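**Student:** The structure is given below, and queries will be raised subsequently.
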Amino acid sequence: MRGEMSDEMIKIAELRDSEREAIQKIVSKVGTPVYIYFQERMEEQIRRFGDAVEKFSSDVEVQCYFAMLANHNPYLIRQILQAMEDNGLSPGVLCASEGHLRILSRISSLPRRLNIIYSDAFLDESKLSQFIHYLSSSEAYTLILILQTLQQTEIFTQKWPQIKEKMSEKFHVGVRIKLVGSSSKDIYSLYHGQNARFGLMRNNLQEALSKLKSCGISQVGFHIYPGTNILYLSELESLYNGLLQTIQKILTYNSGLELDFIDVGGGFGINYQKREFLNPDKVIEILKNIFSPLSDKKERILIEPGRTIIGPAGVLIAKVVDIKDEGSRKFVVVDTGLSHFARPYIYRQYHQVQVIPQNERRVKTNWDADAFIVGITMASGDFLAGDPLEDAPIKIERVEIGDLIAFLDVGAYGFCMSSNFSGLLKPPEVLVEGKNYYLVRERKEVGYLLAEVPLCLKSL
Ligand SMILES: Cc1ncc(COP(=O)(O)O)c(C=O)c1O
(Lines give C-alpha, C1' and ligand atoms only; values in the text may rest on other atoms or scores of the structure.)
Protein backbone atom coordinates (compact mmCIF):
# COMPACT_ATOMS: atom_id res chain seq x y z
CA MET A 1 0.00 0.00 0.00
CA ARG A 2 1.22 3.53 -0.84
CA GLY A 3 3.74 4.86 1.62
CA GLU A 4 2.97 2.22 4.18
CA MET A 5 5.71 -0.30 3.51
CA SER A 6 7.78 -0.52 6.64
CA ASP A 7 11.08 1.38 6.57
CA GLU A 8 10.11 2.93 3.24
CA MET A 9 11.15 6.38 4.46
CA ILE A 10 13.96 7.53 6.75
CA LYS A 11 13.70 10.60 8.98
CA ILE A 12 16.13 13.46 8.51
CA ALA A 13 17.86 14.46 11.77
CA GLU A 14 17.00 17.77 13.46
CA LEU A 15 19.61 20.55 13.42
CA ARG A 16 22.36 19.44 15.79
CA ASP A 17 23.93 21.69 18.44
CA SER A 18 27.25 21.63 16.60
CA GLU A 19 25.48 22.69 13.41
CA ARG A 20 23.75 25.61 15.15
CA GLU A 21 27.10 26.65 16.52
CA ALA A 22 28.63 26.47 13.02
CA ILE A 23 25.74 28.51 11.57
CA GLN A 24 26.25 31.21 14.18
CA LYS A 25 29.99 31.46 13.54
CA ILE A 26 29.62 31.40 9.76
CA VAL A 27 26.97 34.12 9.76
CA SER A 28 29.19 36.29 11.93
CA LYS A 29 31.92 35.94 9.29
CA VAL A 30 30.08 36.03 5.97
CA GLY A 31 26.66 37.47 6.83
CA THR A 32 23.33 36.40 5.36
CA PRO A 33 21.93 34.95 3.21
CA VAL A 34 24.29 32.00 2.99
CA TYR A 35 24.05 28.38 1.89
CA ILE A 36 25.76 26.05 4.37
CA TYR A 37 26.47 22.36 3.71
CA PHE A 38 27.33 19.84 6.40
CA GLN A 39 29.86 17.29 5.24
CA GLU A 40 28.76 14.87 7.97
CA ARG A 41 25.22 14.73 6.55
CA MET A 42 26.48 14.20 3.02
CA GLU A 43 28.61 11.33 4.26
CA GLU A 44 25.67 9.81 6.15
CA GLN A 45 23.63 9.69 2.95
CA ILE A 46 26.47 8.20 0.95
CA ARG A 47 27.10 5.62 3.67
CA ARG A 48 23.46 4.55 3.38
CA PHE A 49 23.86 3.98 -0.36
CA GLY A 50 27.22 2.25 0.23
CA ASP A 51 25.72 -0.12 2.82
CA ALA A 52 22.73 -0.90 0.59
CA VAL A 53 24.93 -1.63 -2.43
CA GLU A 54 27.15 -3.86 -0.30
CA LYS A 55 24.15 -5.72 1.16
CA PHE A 56 22.84 -6.82 -2.24
CA SER A 57 26.22 -7.15 -3.94
CA SER A 58 25.97 -10.91 -4.33
CA ASP A 59 22.93 -10.50 -6.61
CA VAL A 60 23.51 -7.26 -8.53
CA GLU A 61 26.40 -4.93 -9.19
CA VAL A 62 25.15 -1.41 -8.43
CA GLN A 63 27.25 1.62 -9.37
CA CYS A 64 26.42 5.06 -8.00
CA TYR A 65 26.81 8.33 -9.95
CA PHE A 66 26.21 11.64 -8.19
CA ALA A 67 23.98 13.81 -10.43
CA MET A 68 25.63 17.23 -10.79
CA LEU A 69 22.20 18.61 -11.68
CA ALA A 70 21.39 18.74 -8.00
CA ASN A 71 24.46 20.71 -7.01
CA HIS A 72 27.50 21.60 -9.09
CA ASN A 73 29.80 23.21 -6.56
CA PRO A 74 33.21 21.69 -7.40
CA TYR A 75 34.34 21.44 -3.79
CA LEU A 76 31.18 19.63 -2.76
CA ILE A 77 31.50 17.27 -5.69
CA ARG A 78 35.04 16.47 -4.69
CA GLN A 79 33.94 15.69 -1.13
CA ILE A 80 31.05 13.55 -2.38
CA LEU A 81 33.31 11.53 -4.65
CA GLN A 82 35.81 11.08 -1.84
CA ALA A 83 33.04 9.94 0.52
CA MET A 84 31.88 7.45 -2.11
CA GLU A 85 35.36 5.99 -2.27
CA ASP A 86 35.57 5.85 1.55
CA ASN A 87 32.25 4.02 1.73
CA GLY A 88 32.99 1.25 -0.73
CA LEU A 89 31.25 2.87 -3.71
CA SER A 90 33.18 3.27 -6.90
CA PRO A 91 33.11 7.10 -7.27
CA GLY A 92 30.92 8.25 -10.11
CA VAL A 93 29.39 11.45 -11.42
CA LEU A 94 26.65 12.28 -13.91
CA CYS A 95 27.29 15.33 -16.11
CA ALA A 96 24.30 16.75 -17.95
CA SER A 97 25.91 19.65 -19.82
CA GLU A 98 29.12 21.06 -21.18
CA GLY A 99 29.26 23.24 -18.05
CA HIS A 100 29.27 20.15 -15.86
CA LEU A 101 32.07 18.60 -17.91
CA ARG A 102 34.11 21.78 -17.54
CA ILE A 103 33.51 22.02 -13.80
CA LEU A 104 34.60 18.41 -13.43
CA SER A 105 37.75 18.99 -15.43
CA ARG A 106 38.74 21.86 -13.09
CA ILE A 107 38.44 19.82 -9.88
CA SER A 108 41.84 19.01 -8.51
CA SER A 109 42.61 15.65 -6.92
CA LEU A 110 39.66 13.70 -8.24
CA PRO A 111 39.60 10.05 -7.22
CA ARG A 112 42.00 7.94 -9.26
CA ARG A 113 39.24 5.71 -10.60
CA LEU A 114 36.40 7.98 -11.57
CA ASN A 115 33.30 6.83 -13.44
CA ILE A 116 31.55 9.43 -15.58
CA ILE A 117 28.17 9.38 -17.27
CA TYR A 118 27.53 12.10 -19.82
CA SER A 119 23.89 12.59 -20.78
CA ASP A 120 22.97 15.90 -22.40
CA ALA A 121 19.63 17.07 -23.80
CA PHE A 122 21.60 18.77 -26.58
CA LEU A 123 24.70 17.04 -27.83
CA ASP A 124 26.78 18.31 -30.74
CA GLU A 125 30.08 17.36 -32.27
CA SER A 126 32.13 19.71 -30.14
CA LYS A 127 30.57 18.59 -26.87
CA LEU A 128 31.09 14.97 -27.85
CA SER A 129 34.75 15.70 -28.61
CA GLN A 130 35.15 17.27 -25.18
CA PHE A 131 33.71 14.20 -23.56
CA ILE A 132 35.88 11.90 -25.61
CA HIS A 133 38.84 13.90 -24.41
CA TYR A 134 38.27 12.19 -21.06
CA LEU A 135 39.15 8.91 -22.76
CA SER A 136 42.78 9.86 -22.59
CA SER A 137 42.52 11.27 -19.08
CA SER A 138 44.07 9.07 -16.47
CA GLU A 139 41.34 9.78 -13.91
CA ALA A 140 38.46 8.52 -16.00
CA TYR A 141 37.88 4.88 -15.30
CA THR A 142 34.52 4.21 -16.89
CA LEU A 143 32.97 6.61 -19.41
CA ILE A 144 29.36 6.20 -20.33
CA LEU A 145 27.61 8.20 -23.01
CA ILE A 146 23.81 8.22 -22.97
CA LEU A 147 22.18 9.05 -26.29
CA GLN A 148 18.84 10.80 -25.96
CA THR A 149 17.72 11.39 -29.56
CA LEU A 150 18.18 10.05 -33.09
CA GLN A 151 20.29 13.06 -34.00
CA GLN A 152 22.60 12.41 -31.07
CA THR A 153 22.90 8.79 -32.22
CA GLU A 154 23.82 9.98 -35.71
CA ILE A 155 26.50 12.36 -34.35
CA PHE A 156 27.86 9.56 -32.21
CA THR A 157 28.03 7.00 -35.00
CA GLN A 158 29.91 9.46 -37.20
CA LYS A 159 32.46 9.93 -34.45
CA TRP A 160 32.56 6.25 -33.62
CA PRO A 161 35.65 5.32 -35.69
CA GLN A 162 37.65 7.98 -33.80
CA ILE A 163 36.31 6.86 -30.44
CA LYS A 164 36.99 3.24 -31.29
CA GLU A 165 40.59 4.04 -32.09
CA LYS A 166 41.23 5.72 -28.72
CA MET A 167 38.85 3.50 -26.89
CA SER A 168 39.60 0.90 -24.36
CA GLU A 169 37.09 -1.14 -22.48
CA LYS A 170 36.37 1.96 -20.41
CA PHE A 171 33.90 3.40 -22.92
CA HIS A 172 30.23 2.38 -22.94
CA VAL A 173 27.18 3.67 -24.74
CA GLY A 174 23.52 3.61 -23.82
CA VAL A 175 20.19 4.98 -25.00
CA ARG A 176 17.61 6.89 -23.01
CA ILE A 177 14.16 5.35 -23.12
CA LYS A 178 10.83 6.98 -22.45
CA LEU A 179 8.25 4.51 -21.36
CA VAL A 180 4.97 4.09 -23.17
CA GLY A 181 2.02 5.59 -21.28
CA SER A 182 2.22 8.51 -18.90
CA SER A 183 0.94 8.94 -15.41
CA SER A 184 2.12 12.50 -15.06
CA LYS A 185 -0.13 14.93 -13.24
CA ASP A 186 1.93 18.04 -13.83
CA ILE A 187 4.61 19.45 -16.11
CA TYR A 188 7.32 18.75 -13.52
CA SER A 189 6.93 15.00 -13.72
CA LEU A 190 6.41 14.60 -17.44
CA TYR A 191 9.15 12.06 -18.15
CA HIS A 192 7.26 9.30 -19.95
CA GLY A 193 4.54 8.88 -22.53
CA GLN A 194 4.17 10.47 -25.95
CA ASN A 195 4.28 14.10 -24.74
CA ALA A 196 7.50 13.74 -22.75
CA ARG A 197 10.50 15.64 -24.12
CA PHE A 198 13.22 13.16 -23.26
CA GLY A 199 14.16 9.75 -24.49
CA LEU A 200 13.42 7.40 -27.34
CA MET A 201 10.29 5.36 -27.82
CA ARG A 202 9.03 2.71 -30.28
CA ASN A 203 10.28 3.33 -33.86
CA ASN A 204 12.84 5.94 -32.89
CA LEU A 205 14.28 3.67 -30.25
CA GLN A 206 14.51 0.84 -32.76
CA GLU A 207 16.12 3.10 -35.35
CA ALA A 208 18.73 4.29 -32.85
CA LEU A 209 19.58 0.70 -31.94
CA SER A 210 19.84 -0.25 -35.63
CA LYS A 211 22.25 2.66 -36.20
CA LEU A 212 24.42 1.45 -33.34
CA LYS A 213 24.32 -2.15 -34.54
CA SER A 214 25.24 -1.08 -38.05
CA CYS A 215 28.56 0.27 -36.82
CA GLY A 216 29.31 -2.94 -35.04
CA ILE A 217 28.23 -2.00 -31.54
CA SER A 218 26.68 -5.04 -29.96
CA GLN A 219 26.72 -4.05 -26.29
CA VAL A 220 24.28 -1.30 -25.33
CA GLY A 221 22.99 0.09 -22.03
CA PHE A 222 19.45 1.28 -21.35
CA HIS A 223 18.55 4.31 -19.30
CA ILE A 224 15.42 5.86 -17.87
CA TYR A 225 14.97 8.76 -15.54
CA PRO A 226 11.87 7.56 -13.70
CA GLY A 227 10.72 11.00 -12.58
CA THR A 228 11.60 13.68 -10.12
CA ASN A 229 11.19 13.48 -6.35
CA ILE A 230 9.39 10.13 -6.29
CA LEU A 231 8.10 9.46 -2.79
CA TYR A 232 6.66 5.96 -3.14
CA LEU A 233 8.54 2.74 -3.72
CA SER A 234 5.52 1.34 -5.53
CA GLU A 235 5.83 4.12 -8.13
CA LEU A 236 9.50 3.37 -8.68
CA GLU A 237 8.72 -0.33 -8.83
CA SER A 238 6.17 0.09 -11.59
CA LEU A 239 8.50 2.30 -13.66
CA TYR A 240 11.36 -0.18 -13.25
CA ASN A 241 9.03 -2.97 -14.33
CA GLY A 242 8.13 -0.91 -17.40
CA LEU A 243 11.84 -0.61 -18.19
CA LEU A 244 12.38 -4.33 -17.67
CA GLN A 245 9.62 -5.21 -20.14
CA THR A 246 10.98 -2.75 -22.70
CA ILE A 247 14.49 -4.19 -22.39
CA GLN A 248 13.19 -7.75 -22.74
CA LYS A 249 11.29 -6.81 -25.91
CA ILE A 250 14.35 -5.06 -27.38
CA LEU A 251 16.62 -8.01 -26.69
CA THR A 252 14.13 -10.48 -28.19
CA TYR A 253 13.66 -8.38 -31.30
CA ASN A 254 17.33 -7.51 -31.84
CA SER A 255 19.27 -10.73 -32.00
CA GLY A 256 22.96 -10.19 -31.41
CA LEU A 257 22.38 -7.16 -29.21
CA GLU A 258 23.69 -7.60 -25.69
CA LEU A 259 22.68 -5.78 -22.53
CA ASP A 260 25.63 -3.80 -21.19
CA PHE A 261 24.07 -1.93 -18.24
CA ILE A 262 20.75 -0.69 -16.89
CA ASP A 263 20.82 2.93 -15.77
CA VAL A 264 17.74 3.74 -13.69
CA GLY A 265 18.61 7.39 -13.07
CA GLY A 266 17.71 9.07 -9.80
CA GLY A 267 14.46 10.58 -8.63
CA PHE A 268 14.62 9.10 -5.11
CA GLY A 269 12.44 11.54 -3.24
CA ILE A 270 12.50 13.72 -0.16
CA ASN A 271 9.24 14.60 1.58
CA TYR A 272 10.22 18.14 2.58
CA GLN A 273 7.27 18.68 4.85
CA LYS A 274 7.74 15.50 6.86
CA ARG A 275 11.52 15.75 6.50
CA GLU A 276 12.08 12.18 5.39
CA PHE A 277 13.58 10.49 2.33
CA LEU A 278 13.15 7.25 0.43
CA ASN A 279 15.22 4.51 2.04
CA PRO A 280 18.18 3.62 -0.26
CA ASP A 281 18.17 0.09 1.12
CA LYS A 282 14.62 -0.47 -0.10
CA VAL A 283 15.37 1.10 -3.48
CA ILE A 284 18.33 -1.20 -4.07
CA GLU A 285 16.31 -4.19 -2.88
CA ILE A 286 13.64 -3.42 -5.48
CA LEU A 287 16.30 -3.06 -8.17
CA LYS A 288 17.71 -6.44 -7.21
CA ASN A 289 14.29 -8.11 -7.21
CA ILE A 290 13.31 -6.69 -10.59
CA PHE A 291 16.50 -6.86 -12.58
CA SER A 292 18.57 -9.74 -11.22
CA PRO A 293 16.48 -12.50 -12.83
CA LEU A 294 16.99 -10.88 -16.27
CA SER A 295 19.83 -13.22 -17.21
CA ASP A 296 22.15 -15.68 -15.54
CA LYS A 297 24.94 -13.09 -15.19
CA LYS A 298 25.11 -10.40 -12.49
CA GLU A 299 23.48 -7.31 -14.03
CA ARG A 300 25.24 -3.96 -13.83
CA ILE A 301 22.76 -1.39 -12.53
CA LEU A 302 23.62 2.30 -12.44
CA ILE A 303 21.88 4.80 -10.17
CA GLU A 304 22.17 8.59 -10.43
CA PRO A 305 20.98 10.08 -7.14
CA GLY A 306 21.28 13.83 -6.67
CA ARG A 307 18.58 15.07 -4.32
CA THR A 308 18.89 12.32 -1.68
CA ILE A 309 22.64 12.74 -1.39
CA ILE A 310 23.03 16.48 -1.06
CA GLY A 311 19.49 17.67 -0.22
CA PRO A 312 19.50 16.97 3.54
CA ALA A 313 23.06 18.32 3.86
CA GLY A 314 22.24 21.93 3.01
CA VAL A 315 20.57 24.84 4.82
CA LEU A 316 19.93 28.35 3.60
CA ILE A 317 20.34 30.88 6.39
CA ALA A 318 18.54 34.20 6.07
CA LYS A 319 17.90 37.09 8.44
CA VAL A 320 14.50 38.45 9.42
CA VAL A 321 14.47 42.05 8.18
CA ASP A 322 10.84 43.05 8.65
CA ILE A 323 7.66 41.72 10.21
CA LYS A 324 4.33 42.90 8.85
CA ASP A 325 1.63 42.21 11.36
CA GLU A 326 -1.87 42.21 9.89
CA GLY A 327 -3.70 40.72 12.82
CA SER A 328 -4.74 37.35 11.52
CA ARG A 329 -1.64 37.10 9.34
CA LYS A 330 2.00 37.85 9.95
CA PHE A 331 4.44 38.27 7.09
CA VAL A 332 7.99 37.56 8.18
CA VAL A 333 10.29 39.12 5.60
CA VAL A 334 13.77 37.61 5.21
CA ASP A 335 16.79 38.97 3.32
CA THR A 336 16.52 36.32 0.62
CA GLY A 337 13.88 35.26 -1.86
CA LEU A 338 13.06 33.27 -4.93
CA SER A 339 16.22 34.52 -6.64
CA HIS A 340 18.25 32.51 -4.12
CA PHE A 341 15.86 29.71 -3.45
CA ALA A 342 13.42 29.08 -6.29
CA ARG A 343 11.90 25.74 -5.31
CA PRO A 344 8.90 27.08 -3.38
CA TYR A 345 8.11 29.53 -6.19
CA ILE A 346 8.54 27.08 -9.06
CA TYR A 347 7.25 23.85 -7.56
CA ARG A 348 5.25 25.14 -4.59
CA GLN A 349 7.26 22.73 -2.47
CA TYR A 350 7.78 24.37 0.89
CA HIS A 351 10.64 23.32 3.12
CA GLN A 352 10.61 23.20 6.89
CA VAL A 353 12.19 26.13 8.67
CA GLN A 354 13.88 26.58 11.99
CA VAL A 355 14.12 29.88 13.85
CA ILE A 356 17.53 30.66 15.33
CA PRO A 357 16.92 33.51 17.80
CA GLN A 358 19.58 36.22 18.06
CA ASN A 359 20.47 38.43 20.95
CA GLU A 360 19.79 41.82 19.47
CA ARG A 361 16.07 42.37 19.94
CA ARG A 362 14.42 45.45 18.50
CA VAL A 363 10.79 45.05 17.50
CA LYS A 364 8.72 42.89 19.85
CA THR A 365 5.89 40.86 18.41
CA ASN A 366 3.27 38.65 19.87
CA TRP A 367 2.47 35.38 18.20
CA ASP A 368 -1.24 34.81 18.35
CA ALA A 369 -1.41 34.53 14.54
CA ASP A 370 0.14 32.22 11.98
CA ALA A 371 2.85 33.41 9.63
CA PHE A 372 4.12 33.31 6.09
CA ILE A 373 7.83 33.67 5.52
CA VAL A 374 8.31 35.81 2.45
CA GLY A 375 11.22 36.99 0.33
CA ILE A 376 12.36 40.45 -0.70
CA THR A 377 11.84 40.24 -4.46
CA MET A 378 9.01 42.00 -6.26
CA ALA A 379 7.23 38.76 -7.30
CA SER A 380 3.81 38.29 -5.73
CA GLY A 381 4.51 34.59 -5.29
CA ASP A 382 7.74 34.99 -3.33
CA PHE A 383 6.51 32.91 -0.39
CA LEU A 384 9.26 30.78 1.12
CA ALA A 385 7.26 29.02 3.82
CA GLY A 386 3.50 28.70 4.07
CA ASP A 387 1.30 28.32 0.99
CA PRO A 388 -0.89 31.42 0.48
CA LEU A 389 -3.07 29.77 -2.17
CA GLU A 390 -4.00 26.97 0.19
CA ASP A 391 -4.46 29.58 2.91
CA ALA A 392 -1.91 27.57 4.86
CA PRO A 393 0.40 29.77 6.89
CA ILE A 394 2.90 28.04 9.12
CA LYS A 395 3.24 27.96 12.86
CA ILE A 396 6.65 29.05 13.99
CA GLU A 397 7.99 30.00 17.33
CA ARG A 398 8.22 33.69 18.23
CA VAL A 399 10.45 35.51 15.81
CA GLU A 400 11.94 39.00 15.88
CA ILE A 401 13.79 41.25 13.50
CA GLY A 402 17.44 40.18 13.43
CA ASP A 403 16.65 36.51 14.10
CA LEU A 404 17.96 33.92 11.70
CA ILE A 405 15.74 31.52 9.79
CA ALA A 406 17.19 28.24 8.54
CA PHE A 407 15.49 26.76 5.47
CA LEU A 408 16.15 23.06 5.83
CA ASP A 409 17.13 20.37 3.31
CA VAL A 410 17.95 22.82 0.52
CA GLY A 411 21.26 21.24 -0.55
CA ALA A 412 19.77 19.99 -3.84
CA TYR A 413 18.32 22.30 -6.50
CA GLY A 414 18.92 25.24 -4.16
CA PHE A 415 21.93 27.34 -5.08
CA CYS A 416 22.23 25.82 -8.56
CA MET A 417 18.80 27.21 -9.48
CA SER A 418 19.55 30.66 -8.09
CA SER A 419 19.57 33.82 -10.21
CA ASN A 420 20.02 37.58 -10.01
CA PHE A 421 16.30 38.22 -10.43
CA SER A 422 15.15 41.48 -8.88
CA GLY A 423 18.78 42.68 -8.79
CA LEU A 424 19.72 40.31 -5.99
CA LEU A 425 23.24 38.91 -5.70
CA LYS A 426 23.72 35.18 -5.31
CA PRO A 427 24.58 34.04 -1.77
CA PRO A 428 27.92 32.50 -0.83
CA GLU A 429 28.31 28.79 -0.06
CA VAL A 430 30.15 27.36 2.94
CA LEU A 431 31.18 23.78 3.64
CA VAL A 432 31.32 22.60 7.26
CA GLU A 433 33.73 19.77 7.85
CA GLY A 434 33.95 19.01 11.57
CA LYS A 435 35.21 22.15 13.27
CA ASN A 436 36.45 23.63 9.99
CA TYR A 437 34.41 25.93 7.79
CA TYR A 438 35.39 26.54 4.17
CA LEU A 439 34.10 29.22 1.86
CA VAL A 440 33.35 27.26 -1.32
CA ARG A 441 31.69 30.14 -3.18
CA GLU A 442 32.26 33.81 -2.48
CA ARG A 443 29.62 36.48 -2.14
CA LYS A 444 29.63 38.77 -5.15
CA GLU A 445 29.83 42.54 -4.91
CA VAL A 446 26.97 44.66 -6.28
CA GLY A 447 29.20 45.60 -9.23
CA TYR A 448 28.95 41.97 -10.31
CA LEU A 449 25.52 42.70 -11.74
CA LEU A 450 27.33 44.74 -14.37
CA ALA A 451 30.22 42.32 -14.84
CA GLU A 452 28.98 40.90 -18.14
CA VAL A 453 27.84 44.27 -19.51
CA PRO A 454 30.45 46.04 -21.69
CA LEU A 455 31.43 49.55 -20.61
CA CYS A 456 30.23 50.95 -23.92
CA LEU A 457 28.07 49.65 -26.77
CA LYS A 458 29.93 46.91 -28.62
CA SER A 459 29.19 46.60 -32.30
CA LEU A 460 29.24 43.05 -33.67
C1 LIG B 1 18.94 12.03 -16.07
C2 LIG B 1 18.93 12.45 -14.65
N3 LIG B 1 19.57 11.67 -13.75
C4 LIG B 1 19.60 12.00 -12.44
C5 LIG B 1 18.99 13.16 -11.98
C6 LIG B 1 19.02 13.46 -10.51
O7 LIG B 1 17.78 13.22 -9.98
P8 LIG B 1 17.46 13.37 -8.42
O9 LIG B 1 18.14 14.58 -7.93
O10 LIG B 1 16.00 13.49 -8.38
O11 LIG B 1 17.96 12.14 -7.76
C12 LIG B 1 18.31 13.99 -12.88
C13 LIG B 1 17.63 15.20 -12.44
O14 LIG B 1 16.99 15.92 -13.17
C15 LIG B 1 18.28 13.63 -14.26
O16 LIG B 1 17.64 14.39 -15.17
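**Student:** Condition (residue is within 16 Å of the ligand (Cβ to nearest atom), open to solvent by less than 30 Å² (accessible area, probe 1.4 Å) and within 17 Å of the chain's Cα centre (by Cα)) applied to the stretch 256-264: is it met by at least one residue?
**Tutor:** Of all residues in the stretch 256-264, those within 16 Å of the ligand (Cβ to nearest atom) come to 261-264.
From what is left, the residues that are open to solvent by less than 30 Å² (accessible area, probe 1.4 Å) are 261-264.
Within this subset, residues satisfying the condition of being within 17 Å of the chain's Cα centre (by Cα) are 263-264.
There is at least one residue in the stretch 256-264 that is within 16 Å of the ligand (Cβ to nearest atom), open to solvent by less than 30 Å² (accessible area, probe 1.4 Å) and within 17 Å of the chain's Cα centre (by Cα).
**Student:** Exactly one of (1) on the phi < 0 side of the Ramachandran plot; (2) in a loop (DSSP other than H, G, I, E, B); (3) out of contact with any His (no Cβ under 9 Å at 6 or more places or on another chain) is unmet by A371. Its number?
**Tutor:** Looking at each condition in turn, A371 falls short on (2).
**Student:** Can you find even one residue in the stretch 387-404 that is in contact with a helix residue (DSSP H, G or I) (Cβ under 7 Å, 6 or more places away or on another chain) and in a loop (DSSP other than H, G, I, E, B)? Please lay out each step first, then the result.
**Tutor:** We begin by selecting, within the stretch 387-404, every residue in contact with a helix residue (DSSP H, G or I) (Cβ under 7 Å, 6 or more places away or on another chain); these are 404.
The next check asks that each one be in a loop (DSSP other than H, G, I, E, B); those that pass are none.
No, the stretch 387-404 contains no residue that is in contact with a helix residue (DSSP H, G or I) (Cβ under 7 Å, 6 or more places away or on another chain) and in a loop (DSSP other than H, G, I, E, B).
**Student:** Quick one: how many residues across the stretch 283-314 are within 15 Å of the ligand (Cβ to nearest atom), in a loop (DSSP other than H, G, I, E, B) and among the charged types (D, E, K, R)?
**Tutor:** Step one: of the stretch 283-314, the residues within 15 Å of the ligand (Cβ to nearest atom) are 283-284, 287, 301-314.
Adding the requirement that they be in a loop (DSSP other than H, G, I, E, B) leaves 304-306.
When the remaining residues are screened for being among the charged types (D, E, K, R), the result is 304.
Summing the residues that are within 15 Å of the ligand (Cβ to nearest atom), in a loop (DSSP other than H, G, I, E, B) and among the charged types (D, E, K, R) in the stretch 283-314 gives 1.
**Student:** Answer with yes or no whether G181 is away from the ligand (no atom under 16 Å from the Cβ), in a loop (DSSP other than H, G, I, E, B) and modelled with pLDDT under 90.
**Tutor:** Values: away from the ligand (no atom under 16 Å from the Cβ): yes; in a loop (DSSP other than H, G, I, E, B): yes; modelled with pLDDT under 90: yes.
So G181 fits the description; yes.
**Student:** Name every residue in the stretch 331-351 that is buried (at least 23 other Cβ atoms within 10 Å of the Cβ) and among the aromatic types (F, W, Y), in order of residue number.
**Tutor:** F341
**Student:** Moving on. Quick test for you: out of I317, I262, pick the one residue that is of a type outside the set (K, R), touching a Leu at 6+ places or on another chain (Cβ under 6 Å) and in a strand (DSSP E or B).
**Tutor:** Details: I262 fails: touching a Leu at 6+ places or on another chain (Cβ under 6 Å).
Among I317, I262, only I317 is of a type outside the set (K, R), touching a Leu at 6+ places or on another chain (Cβ under 6 Å) and in a strand (DSSP E or B).
**Student:** Same structure, new question: Taking the condition open to solvent by less than 20 Å² (accessible area, probe 1.4 Å), within 16 Å of the ligand (Cβ to nearest atom) and under 17 Å from the mean Cα position of the chain (by Cα), does F268 pass?
**Tutor:** yes
**Student:** Can you name every residue in the stretch 406-459 that is open to solvent by less than 40 Å² (accessible area, probe 1.4 Å) and of a type in the set (D, E, K, R)?
**Tutor:** Residues satisfying the conditions are D409, E429.
**Student:** Filter the stretch 274-330 for residues that are open to solvent by 50 Å² or more (accessible area, probe 1.4 Å) and basic (K, R); which is farthest from L259 (Cα to Cα)?
**Tutor:** K324
**Student:** Considering only residues that are under 24 Å from D7 (Cβ atoms) and small (G, A, S), look in the stretch 233-247 and name the one that is surrounded by the fewest Cβ atoms within 10 Å (Cβ to Cβ).
**Tutor:** Only one residue tops the list, namely S238.
**Student:** Any residue in the stretch 196-203 that is open to solvent by less than 20 Å² (accessible area, probe 1.4 Å) and modelled with pLDDT under 95?
**Tutor:** Yes, because at least one residue in the stretch 196-203 is open to solvent by less than 20 Å² (accessible area, probe 1.4 Å) and modelled with pLDDT under 95.
**Student:** While we're here: Restricting the search to the stretch 238-258, which residues are outside any loop (DSSP other than H, G, I, E, B) and either of a type in the set (D, E) or touching a Ser or Thr at 6+ places or on another chain (Cβ under 7 Å) (or both)? Don't jump to the end; show me each part of the working.
**Tutor:** Here is the first cut: in the stretch 238-258, the residues outside any loop (DSSP other than H, G, I, E, B) are 238-253, 258.
Once the filter is applied, which keeps residues that are outside any loop (DSSP other than H, G, I, E, B) and either of a type in the set (D, E) or touching a Ser or Thr at 6+ places or on another chain (Cβ under 7 Å) (or both), the stretch 238-258 yields only E258.
**Student:** Still on this structure, I have one more. Starting from the stretch 54-73, keep only residues that are within 23 Å of G311 (Cβ to Cβ), then list their pairs with residues that are more than 9 Å from the ligand (Cβ to nearest atom) and of a type in the set (D, E) whose Cβ atoms are within a distance under 6 Å, requiring at least 6 positions of separation or different chains.
**Tutor:** N73/E429
**Student:** Could you please find all residues in the stretch 199-219 being in a helix (DSSP H, G or I), polar (S, T, N, Q) and farther than 23 Å from A96 by Cβ? So that I can check it myself, show each step before the final result.
**Tutor:** Initial filter on the stretch 199-219 (in a helix (DSSP H, G or I)): 202-214.
Next, only the ones that are polar (S, T, N, Q) stay: 203-204, 206, 210, 214.
Hits for the stretch 199-219 are N203, Q206, S210, S214.
**Student:** Now for a separate question. Does the stretch 345-356 hold any residues that are within 16 Å of F415 (Cα to Cα) and in contact with a strand residue (DSSP E or B) (Cβ under 6 Å, 6 or more places away or on another chain), and which are they? Spell out the reasoning first.
**Tutor:** The initial filter retains those residues of the stretch 345-356 that are within 16 Å of F415 (Cα to Cα), namely 345-347, 349-351.
Within the stretch 345-356, Y350, H351 meet the criteria.
**Student:** Restricting the search to the stretch 315-344, which residues are out of contact with any strand residue (DSSP E or B) (no Cβ under 9 Å at 6 or more places or on another chain), more than 15 Å from the ligand (Cβ to nearest atom) and at pLDDT 95 or above?
**Tutor:** Scanning the stretch 315-344 gives a single hit, S339.
**Student:** Something else now. What about S210, is it polar (S, T, N, Q), free of Cβ contacts under 8 Å to residues at least 60 places away in the same chain and buried (at least 17 other Cβ atoms within 10 Å of the Cβ)? Quick ask: steps written out before the conclusion?
**Tutor:** On the way: polar (S, T, N, Q): yes; free of Cβ contacts under 8 Å to residues at least 60 places away in the same chain: yes; buried (at least 17 other Cβ atoms within 10 Å of the Cβ): no.
When the stated conditions are applied, S210 does not pass them.
The values are calculated or read from the model by the stated rules, or taken from the named source; none is laboratory data. Everything numeric here is computed off the predicted structure, so don't read it as measured data. With ideal geometry, Cβ positions are generated from the backbone for all residues, glycine too; neighbour counts draw on all protein chains shown. Areas reflect the complete protein model, heavy atoms only, side chains present, ligands, DNA and RNA absent. Shrake-Rupley method; radii C 1.70, N 1.55, O 1.52, S 1.80 Å.
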